[in-house]
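Shown next, in structure tokens, is the structure this report addresses.
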Amino acid sequence: MSVNRREGQDNSVEWLKDLPEISTPGDLARVSGISLGTLAYWRHSGTGPRYMKLGRLIRYRKNDVVVFFESSLRTSTAETA
């Protein structure tokens with residue numbers, strides 16, 4: 001997973017502060033640097049952050065996105081999920 005880190009940040013998800021409380025896939029892609037295609041694949045495979053489906057609309061709650069990225073933090077490549 002490639003995450004667009006901003007200079008001067010540690011292993012936190014501080015960059016998510018710019019994400020709206022309820023966001024579109026485009027909002028999440030813009031803030032995180034993760035492509036829309038990757039977000040769609042994650043939804044299809046069930047491996048990404050939780051999301052809401054309102055008819056044909058996809059929305060992410062900020063809290064669910066934070067929980068997903070916090071759970072992805074690692075300190076070593078030897079760590080498992």
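Taking each residue of region 16-29 that is farther than 11 Å from TYR51 by Cβ and looking for partners that are of a type in the set (Asp, Glu) and assigned to a helix (DSSP H, G or I) with beta-carbon atoms closer than 7 Å, six or more apart or interchain, yields LEU19/ASP27; PRO20/ASP27. Taken together, the residues in region 37-74 that are among the basic types (Lys, Arg), in a helix (DSSP H, G or I) and over 10 Å from the mean Cα position of the chain (by Cα) amount to 1. Consider region 21-36 and keep the residues that are open to solvent by 50 Å² or more (accessible area, probe 1.4 Å) and assigned to a helix (DSSP H, G or I). The one that is modelled with the lowest pLDDT is ARG30.
Each residue in region 46-62 was checked for being open to solvent by 50 Å² or more (accessible area, probe 1.4 Å) and either aliphatic (A, V, I, L, M) or without any contact (Cβ under 8 Å) to a residue 40 or more places away in the chain (or both), and 11 pass.
The values are calculated or read from the model by the stated rules, or taken from the named source; none is laboratory data. Quick caveat, the model's predicted, so the values are computed rather than measured. We place every Cβ from the backbone using ideal geometry, glycine too, and count neighbours over all the protein chains shown. Quick note on the areas: whole protein, heavy atoms, side chains included, nothing else; ligands and nucleic acids left out. Shrake-Rupley method; radii C 1.70, N 1.55, O 1.52, S 1.80 Å.
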